[in-house]
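Each remark here refers to the structure printed beneath this line.
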Amino acid sequence: MVINTNLSAQNAATLLMHSQSNLSASLQRLSSGSKITSPADDSAGLAVSMKLNAQMARIDAASNNVNNAISFSQTQDGYVQQVNSAFSRMSELSVLAQDITKTTSDRALYQQEFKALGNYINTVSTKDFNGVSLFNGNTLNVTTDSEGNTFALQGIDLAHNTTYTTATTNDDITSITGAQKALTDVKAAISQLASDRANIGSNEESLSYYNNQLSTLKNNLSAANSQITDVDVATESTQYAKENILVQTGTAMLAQANSLPQSVLKLLS
């Protein structure tokens with residue numbers, strides 16, 4: 001029996017420190033909800049999780065871009081609906097002005113309304129969305145995923161398309177001949193507008209698919225990340241109880257091991 005070196009106490013102290021370390025780590029996992037509280041817990045898993053989190057952040061940004069583009073297209077469509085109503089009324093006025101029972105004065109009144117509607121359409125062509133022109137005809141590339149791929153949002157050109165400008169600025173229905181020409185021009189503008197509105201609808205539909213795709217992808221990535229980082233509370237609670245018991249037991253055993261050298265006194269008595 002020796003006094004200077006108490007191997008039992010040293011072994012008990014080492015095991016106690018190990019149990020206390022495990023207990024502390026378990027407590028951190030339970031309190032944080034994450035099973036990776038330091039890189040040492042799972043270095044490879046942490047690296048994968050960091051990349052997944054970065055990708056999900058980019059997906060959120062792309063989703064914002066797509067939603068803003070949808071709002072842009074919806075704003076376009078709102079204006080186009082009103083333009084369609086204006087062109088419809090202009091076509092009606094063009095037919096009314098061809099009435100042989102109407103006088104030049106009557107047609108002048110029709111022309112006044114016809115011109116006002118044309119001016120309204122020309123004003124609409126200058127509208128913008130947050131400083132971006134709605135109707136200059138430019139194609140806008142919308143970011144649709146986390147890798148920066150884009151969707152070409154086809155533009156609508158109300159400002160420079162001659163089909164529109166001819167109907168809104170060049171026609172005069174103060175005569176039957178002029179009204180006949182105006183009707184032809186307005187019908188062409190209505191046909192072009194129908195095509196452009198269908199294009200807007202196609203843009204909105206495509207963007208909605210991209211938006212749904214981003215939402216689904218983010219959910220799947222979130223689930224994958226959860227498998228890597230989220231703690232299983234039931235399993236970890238069991239581990240915590242185990243380590244807590246080991247700490248209490250180790251503390252008692254260390255106290256017992258420290259008292260063993262006192263038995264040497266019995267040999268000396």
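The values are calculated or read from the model by the stated rules, or taken from the named source; none is laboratory data. Just so you know, these numbers come straight off a predicted model, no measurement behind them. Positions of Cβ are backbone-derived with ideal geometry, glycine not excepted, and every protein chain shown enters the neighbour counts. SASA here: full protein model, heavy atoms, side chains in, ligands and nucleic acids out. Shrake-Rupley method; radii C 1.70, N 1.55, O 1.52, S 1.80 Å.
Summary table
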{"quantity": "Distance in nm between pseudo-label sites at ASN68 and SER191 (7 Å out along the Cβ direction from Cα)", "calculated": "3.8"}
{"quantity": "Charged-residue dipole, Cβ positions (Lys, Arg, Asp, Glu), the chain about Cα centre, Debye nearest 20", "calculated": "680"}
{"quantity": "Positive-end residue of LEU117, THR101, ALA223, charge dipole of the chain with Cβ unit charges", "calculated": "ALA223"}
{"quantity": "Accessible-area composition of the range 59-161, carbon plus sulfur, in percent [1.4 Å probe]", "calculated": "45"}
{"quantity": "Förster radius 35 Å - calculated FRET efficiency between SER32 and ASN219 (Cβ-Cβ, nearest 0.05)", "calculated": "0.95"}
{"quantity": "Principal axes of the chain: Cα extent on each, largest first, Å", "calculated": "142, 26, 25"}
{"quantity": "Helix 43-96 vs. the chain, principal-axis angle (Cα, 0 to 90°, nearest 10)", "calculated": "20"}
{"quantity": "Built amide H within the under 5 Å cut-off of GLN98, gap 5+", "calculated": "none"}
{"quantity": "Where the chain is the region considered: accessible area per residue in Å², 1.4 Å probe", "calculated": "57"}
{"quantity": "Between helix 233-259 and the chain: long-axis angle, C-alpha atoms, 0 to 90°, nearest 10", "calculated": "20"}
{"quantity": "Net charge contributed by nearby residues that have their C-beta within less than 10 Å of SER91 (K/R +1, D/E -1)", "calculated": "0"}
{"quantity": "For the chain: relative contact order, % (alpha-carbon pairs under 8 angstrom, 6 or more apart)", "calculated": "34"}
{"quantity": "Full-stretch length increase - THR14, LYS51 - with 0.36 nm per residue and alpha-carbon distance subtracted", "calculated": "9.5 nm"}
{"quantity": "Accessible-area value, ARG89, 1.4 Å probe, nucleic acids and ligands omitted, Å²", "calculated": "70"}
{"quantity": "For THR166, net neighbour charge (Lys/Arg +1, Asp/Glu -1) across residues whose Cβ lies under 10 Å away", "calculated": "-1"}
{"quantity": "For SER34, residues with placed amide H under 5 Å, excluding near neighbours", "calculated": "VAL231"}
{"quantity": "Between helix 104-124 and the chain: long-axis angle, C-alpha atoms, 0 to 90°, nearest 10", "calculated": "20"}
{"quantity": "Per-residue ³J(HN,Hα) for the range 202-210, Karplus 6.51 cos²θ - 1.76 cosθ + 1.60, θ = phi - 60°, Hz, x for Gly and Pro", "calculated": "5, 4, 4, 5, 4, 5, 5, 5, 4"}
{"quantity": "Rel. contact order, % - alpha carbon contacts under 8 angstrom, at least six apart, the range 111-181", "calculated": "30"}
{"quantity": "Solvent-accessible area of GLU147 with every protein chain in place, 1.4 Å probe, in Å² to the nearest 10", "calculated": "120"}
{"quantity": "Distant-in-sequence amide H partners of LEU153 (H built 1.01 Å from N, under 5 Å)", "calculated": "LEU140, ASN141, VAL142"}
{"quantity": "Calculated from backbone phi, Karplus (6.51, -1.76, 1.60) coupling profile of the range 132-141 in Hz, x at Gly/Pro", "calculated": "9, 4, 7, 9, 8, x, 6, 7, 10, 8"}
{"quantity": "Residue list for the range 76-101, given a label point 7 angstrom along the Cα-to-Cβ vector of PHE129 and an amide N cut-off under 12 Å", "calculated": "76-80"}
